[in-house]
1. Can you tell me the dipole magnitude for the stretch 242-335 around its Cα centre, using point charges on the Cβ only (Lys, Arg +1; Asp, Glu -1), in Debye to the nearest 20?
2. Once you keep just the Cα pairs under 8 angstrom separated by 6 or more residues, what percentage relative contact order results for the stretch 152-303?
3. Report the Cα centroid-to-centroid distance between the stretch 244-295 and the stretch 303-318 in angstrom, as an integer.
4. Could you bin all the Cα-Cα distances of the stretch 247-350 into 5 Å bins starting at 0 and give me the percent of pairs in each, rounded to whole numbers?
5. What FRET efficiency do you get for Ser367 and Met1 if R0 is 35 Å and r is their Cβ-Cβ distance, rounded to the nearest 0.05?
6. On full extension of the chain, what length is gained from Leu168 through Ala110, given 0.36 nm per residue of separation minus the C-alpha to C-alpha distance?
7. Test of understanding: what is the full-extension gain from Glu238 to Arg294, defined as 0.36 nm times their sequence separation minus their Cα-Cα distance?
8. What do you get for trypsin sites (Lys or Arg not before Pro) in the stretch 175-233 restricted to DSSP loop and a cutoff of at most 11 other Cβ within 10 Å of the site's Cβ?
Amino acid sequence: MEARLFALRLSLLSTQQAIAVLSRLGVEYEGEHDTEDADADSQSDGESDDWTGFHSGPRKLPQRRPPTQYRVPFEHAARLIKHRQVEMRRGFCLVPVEDMHHVAVHHYKAMLLRQMNVLCRSLLTMSSDETARLDPVLARVIASWQLEMVRQGSTSGGSSNVRARIKLNEIDSASDAHFPLCMRHLHRKFRENHHLKYDGRVQYRMFLKGLGLSVQESILFFRSEFVKVIPAARFDKEYAYHIRHSYGLEGARRDYAPFDCAQITNGPAPRHGQYHGCPFKHWDGETLRYELGRCGLPAHASSKVTTEAASGHHQSACRALFDATHRVPYAQAMAQLHETASLLGNNQVVQHPNAYVDASVAVATVSRRSGQVQRGQAEQQS
Ligand code: SF4
């Protein structure tokens, strides 16, 4: 977010001011001129050398034009290379002056990373008063970064390396093991009724998109249930379009992101026959207790979750459910997932249903690997 803000501010400056920002950061590159400019320079140099050898006044030094492009090491212009917007020569990018703000943003990001590392090390030696003041700020910064990671992962088809990917044939077992209560409930009701009303369909299919289901897999999944209650031709005509629309293949062709917890909890409450929404916000205490029992939660853990929900801390209640049903608490799982262990406290709440799945899958993966290591060691000893 800081880098984006920096880029936005740079875009309001003139090109030369942006270059001045770079040199204030101590970054200098070798400038180059257009061939035409260079010719013009050399001609003007030649004209100033009067062939008679006489000069009628003080000799005018030729005015050097500012460079039109800079030779930049390719790793400083990765963004321009990615979008094939720059010419490369012998390992260097020839970056036009008007594109130098991309290079400035690269250096700004590198500087932020260096400062974050310094901050990380300083936190270890800070007094508890200082950390108490900084912890909530850091937790908010990290939570919004993680949210952004989830959004980016979902809009890029789940390609981020921290995103959990669920295959279509694993969806029932994944629902029991890894889905947050809102999605678990939607999945169960969809399997039971072979149908979901509009809000539930949208909430659930966007979540599945965030899990990495392709548009074909999503159509296959919804079709397999809907055709039990409506003709296949009707599904293909009325419902498949909306699924393709969610993936940016129809209509405005926008690549929509899955809903986060704020969108779900602030969205319309489910009415009779609807199953969308957040259970910790939209269910009464009795229903919530019953469903938590269905998840196998013992009474004491269940009461902690329902107390959080009743006091309006819906996302904390969701985290409490995660903590009660996994071997590693949610905050720790997220910290390990994003390698931010030293910055996070235990107060991190669930921000996104897909982040919940990421954390749950990460815990299961670590448990499975440590089980394999232990079995391997036991076999070696025997
Ligand atoms: Fe779903 Fe978020 Fe509510 Fe958890 S807090 S149940 S993930 S909406």
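1. The dipole of the stretch 242-335 has a size of about 120 debye.
2. Values: 150 pairs, mean separation 37.0, N = 152.
Answer for the stretch 152-303 is 24 percent.
3. For the stretch 244-295 versus the stretch 303-318, the Cα centre distance is 17 Å.
4. 2, 11, 18, 18, 17, 14, 9, 6, 3, 0
5. 0.55
6. This chain segment gains 16.9 nm when fully extended.
7. Working: separation 56, 0.36 × 56 = 20.16 nm, distance 3.42 nm.
Full extension of this stretch gives 16.7 nm more.
8. Lys228
Taken together, the values in this text are just the output of simple stated rules run on the coordinates, not laboratory data. As the structure is a computational prediction, the values presented were derived from the model and not from experiment. We place every Cβ from the backbone using ideal geometry, glycine too, and count neighbours over all the protein chains shown.
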